[in-house]
1. Out of all the residues in segment 108-132, which are in a loop (DSSP other than H, G, I, E, B) and of a type in the set (Ser, Thr, Tyr)?
2. Only residues that are in contact with a Phe, Trp or Tyr (Cβ under 6 Å, 6 or more places away or on another chain) and more than 16 Å from Ile59 (Cα to Cα): list them for segment 5-37, please.
3. Any residue in segment 93-104 that's among the charged types (D, E, K, R): show its pairings with residues that are in a loop (DSSP other than H, G, I, E, B) and open to solvent by 30 Å² or more (accessible area, probe 1.4 Å) at Cβ separation under 8 Å, as long as the two are six or more apart or on different chains.
4. Right, Leu61: in contact (Cβ under 8 Å) with a residue 24 or more places away in the chain, in contact with a strand residue (DSSP E or B) (Cβ under 8 Å, 6 or more places away or on another chain) and either open to solvent by 80 Å² or more (accessible area, probe 1.4 Å) or not hydroxyl-bearing (Ser, Thr, Tyr) (or both) or not?
5. Looking at Thr53, Thr88, Thr78, Thr31, which is the one that is of a type in the set (Ser, Thr, Tyr), surrounded by 11 or more Cβ atoms within 10 Å (Cβ to Cβ), in contact with a Gly (Cβ under 8 Å, 6 or more places away or on another chain) and under 28 Å from Lys128 (Cβ atoms)?
6. Phe30: in contact with a strand residue (DSSP E or B) (Cβ under 6 Å, 6 or more places away or on another chain) and either in a loop (DSSP other than H, G, I, E, B) or not aromatic (Phe, Trp, Tyr) (or both), yes or no?
7. Residue under question is Asp19, and the condition is that it be over 24 Å from the mean Cα position of the chain (by Cα) and under 24 Å from Ala79 (Cα atoms); does it hold?
8. So which of Ser105, Ser70 ends up being exposed (fewer than 11 other Cβ atoms within 10 Å of the Cβ) and assigned to a loop (DSSP other than H, G, I, E, B)?
Amino acid sequence: NAVYDSDKNIQKIWKILEDKKLLDDTIVVFTSDHGEEFNDNGLNYWGHNGNFTDAQIKIPLVVHWPGRASKVFDHLTTAYDVSATMMTDALGCENNQGDFSVGKSLFEVTEEEWFLCGSYQNTAVVEKNRIVIMNAAGVLEFRQKNYKRTTDTTRTANLWQAIEMMGKYRR
């Protein structure tokens, strides 16, 4: 029902923009803050904020950008890339993106090895083939993408880069 209601509201907003002839001047972004799991991995996780599997962390992202051709991107992006994109590509900020964001423009097609993800309790470095979870005390837990434990406890450069990123804007 929630998705149905969201779709109806999106349709209403889109219709208003069409009727007022604003679509050629308006960037529209549809996304979410988290996914929703329905026991996808058979580990009895339901809802969100329970783990860092794809079911809970992959979110939809649809962007209408006037003047840009319609295109499907399949490279890894994160929610923090949206603000970096808006600052540089929409608002014309000329600073290095690293001055204000850990994200990058959505239109920079680069293959990322990992990204940082957080919940109320933990932070995770999500890699292509595993998830490294760090709790508030700094204890690491290593999981496969399906959230089962893994024996691969390698401390890769990704992990050290993520730790550096977490402290980037602290003063």
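The values are calculated or read from the model by the stated rules, or taken from the named source; none is laboratory data. Here the structure is a predicted model, which means the values were calculated and not measured. Note that we place each Cβ from the backbone using ideal geometry, even for glycine, and neighbour counts take in every protein chain shown. The area values use the complete protein model at the heavy-atom level, side chains included, leaving out ligands, DNA and RNA. Shrake-Rupley method; radii C 1.70, N 1.55, O 1.52, S 1.80 Å.
1. Thr110, Ser119, Tyr120
2. Ile27, the sole residue that qualifies.
3. What qualifies is Lys104/Thr110.
4. Spelling it out, Leu61 is indeed in contact (Cβ under 8 Å) with a residue 24 or more places away in the chain, in contact with a strand residue (DSSP E or B) (Cβ under 8 Å, 6 or more places away or on another chain) and either open to solvent by 80 Å² or more (accessible area, probe 1.4 Å) or not hydroxyl-bearing (Ser, Thr, Tyr) (or both).
5. Only one candidate passes the filter, namely Thr78.
6. Against the criterion (in contact with a strand residue (DSSP E or B) (Cβ under 6 Å, 6 or more places away or on another chain) and either in a loop (DSSP other than H, G, I, E, B) or not aromatic (Phe, Trp, Tyr) (or both)), Phe30 does not qualify.
7. Details: over 24 Å from the mean Cα position of the chain (by Cα): yes; under 24 Å from Ala79 (Cα atoms): no.
The answer is no for Asp19.
8. It is Ser70.
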